[in-house]
Amino acid sequence: MIGSTISHYKILEKIGEGGMGVVYKAQDTKLDRIVALKFLPHHLTANDAEKARFLQEAKAASSLNHPNVCTIYGLDEHDGQQFIEMEYVDGVTLRQKIPFDKLNDVLGYAIQIADALQEAHSKGIVHRDIKADNIMVNSKNQVKVMDFGLAKLKGSLKLTRTSSTVGTLAYMAPEQIQGQDVDHRSDIFSFGVVLFEMLTGKMPFRGDHEAAIMYSIMNEEPESAQKHRPDLSAEVLHILSKALEKDQADRYQSAQDMLIDLRRLQKQSTKLSRASLATMPVPTQEISAQTRSSSTGTQQSSSKRLFIAGGAVLLVVLAILTRIFVSDSGASNDAPFQKISMSRLTSSGKASLAAISPDGKYVAHVVVEGERISLWMRQVATSSNVMIVPPAATSFRGLTFSNDGNFVYYVNIDDKNPNGSLFEIPALGGTPRKILTDLRSAVTFSPDGKQVAFVRQYSAVGEEVLMVANADGSGERKLSVRRGDDFFITDGVAPSWSPDGKLIAMPAATNKGGQHVNLMGYDPTSGAEKLLTPEDWGIIGRVMWCNGGKGIAFVAVRRAAFYRPQLWYLRYPEGDVRSVTNDLSIYEMASLGVSSDASSLVSATVELRSNLWVLTRSATRQGMWESQGAVRITSSAATRDGDGGLAWTRDGRIVYVSSPTGTRLLCVIDKDGSNQRRLSVGSYREYYPQVSPDGKYIYYTSDKDTTAHIWRMDVDGGNPMKLSSSEDYHADGTPDGKWVIYSGWATGKEIMYKKPSSGGEPVPILSNPAGNPRVSLDGRLIICNYYNEAEKRWGIGIISFADGALQRYFAPSNTSNEDSFVWSPDGKSLTYVDTENGVSNIWSMPVAGGTPKRLTDFTSDLIFAYAWSADGKYLAVARGEEQRDVVLINSTK
């Protein structure tokens, strides 16, 4: 065949041959490129059924477009024989490079393989024959996984004594050997074998003949990798062990989970290999006070809920890393943060809300010890850490240095300052002084330091206002008002005054024509606004002018991207934007500070882990639930199971939110942890599930059309249907099945609506700001977050469903989460989450009033969400931990 022309391909040479066919290198005479042609054996397409199967899988595989997947260009036929036109990879197989001496080399290739598997699995394609011979490494050291969807075309095994088949057998998962249905987890097992082989040069399961190999895979533990590589760390062994679990349910549940662990290991390895170049700071104990309430439930009840932290997996930067970023076309060579070095300033997992002094010498941040919150000042050069505001039961909304660096300003929220008050304190400690009240945001100073700008919310009239006042709090005036579909992004965010005094930058949004989030500039005299960059964003956090007014650093998530906030730099006035960071960490939306010369930047990263637990009533303690006997039914160390909400179906299953790929999706699982499956279709953020009282539907919030709306699906995941058209959240159904209730922002303020379940226009339940509604078992009452206009604060309200009349109002304690209040199974009490000393438990309080009673006695972890089963026999809880640390990023040449 060599030298002949088939169709428009000139055959140049034979590359290889095996049980799956013959591969030739060929010249594409039409496109003038080198390709590979793979001719499939006749027996694979001998009958119509197998031919149809082959065509279907070839088409599926051709849909993959990933740098680590060998691209399929097309499918053709010659003399009745099918062949595939595919990318020609100039390189060697992974087999030819095994074994590797350096762990970093192994991780570099393994991460690429895992990334390729995740891409294929996300499209429903299972490889079925992952092995070292099916993975190529090209001349640029880039992995190319070959033969997606083609390697194994039928579920049955046809084992012979050829060496190629035995080699394939050695990579097979137990379920594959037994002839059972295989899924993506079978590929993960095979990948685990490849990883073991890369590390040791050996196979984890061995035998002298096929039967011995099969027995070893199905019944024996894999050989110890440390036997061949004593230097392997516990983290490496954990990854191998989890990938090679015999039971699919105990294995990594997605390639993304394994990819996350590999990347985390790579970061640790990088830290060790560069230890001689890094000066590690002294650890300290810090965490965001602001995030205490958000870590115990699905918060944001009194704020715009654009999007919630979804997904992805959350990693803390562990050491000094050097990253080089290529700026966008037209970017100035002297723009900061094109090349950066990054170091961690804290290591306790309890730090956030970082701000840096204008000279870059000091970093302010908050610390939480139990429920006592304090403010600290860290000297960057010496790692000296000094507490400047002592611990108190409070919360912070934002930190700002004065222009001269002598003072720190923070927005404090407590019983005396329920809507946030601005305090001033000397940078190295002293007596705090109250400056302003009712602040929705942190503040920014004018260049001369004589004025401040901030955002205030007027909930009763549905307005958010960009305000300007004198630095001493006098002379307040409204600069720009947003209402209705237009609003500012406020929680923890702050305006930023340009160095020339001509603009105040502030993120703002509109729901007109779909949701749009933009970075805006406001004239400090007239309030006239201008667009600073034409790009629409998913959400924008804190913004900071820097580089003498030539640019703005900010925290944001790109539109239609997974919720993984990163740091960005905008050139002004050009308006082009480029990334400062692009890693797996999540950067706090409210945490950003930049030195005046733009040489240093601080932020905080977030890592959250959550799993589902099921409890039953205590047999020995009346009214209590068996906390110590709780059964964990999910076990991923990298995902956030349940933190976006969970609910019980009528037949005793649990619907919950999971984040296996960085987004948020709905899943369902039996109460014993079996039969876990995904309900969501696509990669949109979907959360706040609630099962209808009749058990037929799941109500939930989804942003699949870029704005959060109420949706409904059948309880089995079928027939998704959009029910609302504004920015809406937290749906629930009435017991008679006639109404769906939810909270929405159609009027510019959050109020509750009811909408006929059969269709129709939404009707306000009451005009007072309220959200997060839950209907009582008899349908007469609604518990909700309720804004008390007299006290100017949010609390818990019980209202009448019939006329919206307030029946009872009370303010939760500083340690209880106001978004966690739900009806007890018997409808006689309200239950809620209370967190003390970093440990969450569930309490109940009689509706008629009385003394609260604790229902659980956990001794560790936070509770992010919980739900009672319909029969009151079970309690499902999403529990886990949250890690936050401050990082310093330096701009390098």
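Evaluated against (1) among the polar types (S, T, N, Q); (2) closer than 30 Å to Thr605 by Cβ; (3) open to solvent by less than 40 Å² (accessible area, probe 1.4 Å), Ser860 falls short on exactly one condition, (3). So which residues in region 630-657 are at pLDDT 90 or above and either open to solvent by 50 Å² or more (accessible area, probe 1.4 Å) or not in a loop (DSSP other than H, G, I, E, B) (or both)? Hits for region 630-657 are Val631, Arg632, Leu646, Ala647, Trp648, Arg650, Asp651, Arg653, Ile654, Val655, Tyr656, Val657.
Hey, among Thr616, Thr605, which residue is at pLDDT below 90 and of a type in the set (S, T, N, Q)? Explain how you work it out, then say what you get.
Working: Thr616 fails: at pLDDT below 90.
Being at pLDDT below 90 and of a type in the set (S, T, N, Q) holds for just one of Thr616, Thr605, which is Thr605.
The condition of being within 21 Å of Ile15 (Cβ to Cβ) and modelled with pLDDT under 65 holds for only one of Phe54, Phe39, that being Phe54.
Here is a yes/no grid of residues against (1) open to solvent by 50 Å² or more (accessible area, probe 1.4 Å); (2) polar (S, T, N, Q); (3) on the phi < 0 side of the Ramachandran plot:
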| residue | (1), (2), (3) |
| --- | --- |
| Gly804 | no, no, no |
| Arg808 | yes, no, yes |
| Thr815 | no, yes, yes |
| Asp819 | no, no, yes |
| Ser824 | no, yes, yes |
| Ser829 | no, yes, yes |
| Asp834 | no, no, yes |
| Asn841 | no, yes, yes |
| Ser844 | no, yes, yes |
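Search region 872-881 for residues being touching a Phe, Trp or Tyr at 6+ places or on another chain (Cβ under 9 Å) and not hydroxyl-bearing (Ser, Thr, Tyr), and hand back the single one that is farthest from Ser618 (Cα to Cα). Spell out the reasoning first.
Filtering region 872-881 down to residues touching a Phe, Trp or Tyr at 6+ places or on another chain (Cβ under 9 Å) leaves 874-880.
Next cut, not hydroxyl-bearing (Ser, Thr, Tyr) only: 875-880.
Numbers: Leu875: 12, Ala876: 15, Val877: 16, Ala878: 19, Arg879: 19, Gly880: 22 Å.
Among those residues, the one meeting the criterion is Gly880.
Report, by residue number, each residue of region 788-802 that is modelled with pLDDT under 95 and either open to solvent by 30 Å² or more (accessible area, probe 1.4 Å) or over 36 Å from the mean Cα position of the chain (by Cα) (or both). Across region 788-802, the qualifying residues are Glu789, Ala790, Glu791, Lys792, Arg793, Trp794, Ala802.
Considering only residues in region 197-228 that are in a loop (DSSP other than H, G, I, E, B) and at pLDDT below 85, the one that is most open to solvent (accessible area, probe 1.4 Å) turns out to be Asp208.
Could you tell me which residue of region 429-475 is farthest from Phe487 (Cα to Cα), considering only residues that are among the basic types (Lys, Arg) and surrounded by fewer than 17 Cβ atoms within 10 Å (Cβ to Cβ)? Full working, then the answer.
Narrowing region 429-475 to residues among the basic types (Lys, Arg): 433-434, 440, 450, 456.
Narrowing the set further to residues that are surrounded by fewer than 17 Cβ atoms within 10 Å (Cβ to Cβ) leaves 433-434, 450.
Working: Arg433: 30, Lys434: 27, Lys450: 27 Å.
Filtering first and then ranking leaves Arg433.
Scanning region 711-724 for residues that are open to solvent by 50 Å² or more (accessible area, probe 1.4 Å) and of a type in the set (Asp, Glu) yields a single hit, Asp716. Note on region 725-738: among residues that are surrounded by fewer than 22 Cβ atoms within 10 Å (Cβ to Cβ) and without any contact (Cβ under 8 Å) to a residue 40 or more places away in the chain, the one that is nearest to the chain's Cα centre (by Cα) is Ser725.
Quick one: in region 576-597, of everything that is outside any loop (DSSP other than H, G, I, E, B) and not basic (Lys, Arg), which residue is most open to solvent (accessible area, probe 1.4 Å)? Show your work before the answer.
Within region 576-597, the subset outside any loop (DSSP other than H, G, I, E, B) is 577-579, 586-587, 593-594.
Pick out the ones that are also not basic (Lys, Arg) and you get 577, 579, 586-587, 593-594.
Numbers: Val577: 11, Ser579: 30, Ile586: 11, Tyr587: 1, Gly593: 2, Val594: 12 Å².
The qualifying residue most open to solvent (accessible area, probe 1.4 Å) is Ser579.
Going by the conditions given, is Ser776 within 34 Å of the chain's Cα centre (by Cα), surrounded by fewer than 19 Cβ atoms within 10 Å (Cβ to Cβ) and either closer than 23 Å to Ile413 by Cβ or among the small types (Gly, Ala, Ser) (or both)?
Numbers: within 34 Å of the chain's Cα centre (by Cα): yes; surrounded by fewer than 19 Cβ atoms within 10 Å (Cβ to Cβ): yes; either closer than 23 Å to Ile413 by Cβ or among the small types (Gly, Ala, Ser) (or both): yes.
Yes, satisfied.
Could you grab me the full set of residues in region 378-388 that are outside any loop (DSSP other than H, G, I, E, B) and either over 32 Å from the mean Cα position of the chain (by Cα) or surrounded by fewer than 21 Cβ atoms within 10 Å (Cβ to Cβ) (or both)? Walk me through it before giving the result.
Filtering region 378-388 for residues outside any loop (DSSP other than H, G, I, E, B) gives 378-379, 385-388.
If the condition is that a residue be outside any loop (DSSP other than H, G, I, E, B) and either over 32 Å from the mean Cα position of the chain (by Cα) or surrounded by fewer than 21 Cβ atoms within 10 Å (Cβ to Cβ) (or both), then Gln379, Asn385, Val386, Met387, Ile388 are the ones that fit.
Within region 102-117, the presence of a residue that is over 24 Å from Glu13 (Cα atoms), in contact (Cβ under 8 Å) with a residue 24 or more places away in the chain, touching a His at 6+ places or on another chain (Cβ under 8 Å) and in a loop (DSSP other than H, G, I, E, B) is excluded.
Residue-level check: of (1) farther than 30 Å from Arg677 by Cβ; (2) modelled with pLDDT of 85 or more; (3) of a type in the set (D, E, K, R); (4) open to solvent by 50 Å² or more (accessible area, probe 1.4 Å), Asp231 misses just (2). Note on region 855-893: residues that are closer than 24 Å to Asp641 by Cα and either assigned to a strand (DSSP E or B) or hydrophobic (A, V, I, L, M, F, W, C) (or both) total 22.
Screening region 449-564 for strands (runs of 3 or more DSSP E) wholly inside it with 2 or more residues that are without any contact (Cβ under 8 Å) to a residue 40 or more places away in the chain and among the small types (Gly, Ala, Ser) returns no ranges.
Is it fair to say Tyr753 is of a type in the set (Ser, Thr, Tyr), closer than 23 Å to Ala870 by Cα, part of a strand (DSSP E or B) and modelled with pLDDT of 90 or more? When the stated conditions are applied, Tyr753 does not pass them.
Residue-by-condition table, conditions (1) surrounded by 22 or more Cβ atoms within 10 Å (Cβ to Cβ); (2) touching a helix residue (DSSP H, G or I) at 6+ places or on another chain (Cβ under 8 Å):
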{"residue": "Ile98", "(1), (2)": "no, yes"}
{"residue": "Asp101", "(1), (2)": "no, no"}
{"residue": "Ala110", "(1), (2)": "yes, yes"}
{"residue": "Ile113", "(1), (2)": "yes, yes"}
{"residue": "Ser122", "(1), (2)": "no, no"}
{"residue": "Ile130", "(1), (2)": "yes, yes"}
{"residue": "Ile135", "(1), (2)": "yes, yes"}
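Residues that are farther than 24 Å from Leu262 by Cα, open to solvent by 30 Å² or more (accessible area, probe 1.4 Å) and not in a loop (DSSP other than H, G, I, E, B): does region 598-610 have at least one? No, every residue in region 598-610 fails to be farther than 24 Å from Leu262 by Cα, open to solvent by 30 Å² or more (accessible area, probe 1.4 Å) and not in a loop (DSSP other than H, G, I, E, B). Take Leu375 and decide whether it is open to solvent by less than 10 Å² (accessible area, probe 1.4 Å), under 30 Å from Gly549 (Cβ atoms) and either touching a Phe, Trp or Tyr at 6+ places or on another chain (Cβ under 6 Å) or modelled with pLDDT under 85 (or both). Here the answer is no, as Leu375 does not meet what is asked.
Tally the residues that are closer than 28 Å to Arg558 by Cβ and open to solvent by 30 Å² or more (accessible area, probe 1.4 Å), restricting the search to region 667-710. Walk me through it before giving the result.
Restricting attention to region 667-710, the residues satisfying the condition of being closer than 28 Å to Arg558 by Cβ are 667, 678-689, 700-710.
Filter once more, so that each one left must be open to solvent by 30 Å² or more (accessible area, probe 1.4 Å): 678, 681-684, 704-706.
Number of matching residues: 8.
Remark: pairs (first residue in region 202-216, of a type in the set (S, T, N, Q); second residue open to solvent by 80 Å² or more (accessible area, probe 1.4 Å); Cβ separation under 7 Å; 6+ apart in sequence or on different chains) = Ser216/Arg206. For the structure I just gave you, tell me whether Gly760 is of a type outside the set (A, V, I, L, M, F, W, C), closer than 18 Å to Cys667 by Cβ and either touching a His at 6+ places or on another chain (Cβ under 8 Å) or modelled with pLDDT under 95 (or both). Criteria not met by Gly760. Kindly indicate whether any position in region 565-575 is touching a residue at least 40 places away in the same chain (Cβ under 8 Å) and touching a Pro at 6+ places or on another chain (Cβ under 9 Å). Yes. So for region 341-364 (the condition being at pLDDT below 75, open to solvent by less than 20 Å² (accessible area, probe 1.4 Å) and within 22 Å of Gly838 (Cα to Cα)), does at least one residue qualify? No, every residue in region 341-364 fails to be at pLDDT below 75, open to solvent by less than 20 Å² (accessible area, probe 1.4 Å) and within 22 Å of Gly838 (Cα to Cα).
The values are calculated or read from the model by the stated rules, or taken from the named source; none is laboratory data. Being a predicted model, the structure only gives us computed values, none of them experimental. Because the Cβ atoms are built from the backbone with ideal geometry, glycine has one as well, and the counts that use them run over all protein chains shown. Quick note on the areas: whole protein, heavy atoms, side chains included, nothing else; ligands and nucleic acids left out. Shrake-Rupley method; radii C 1.70, N 1.55, O 1.52, S 1.80 Å.
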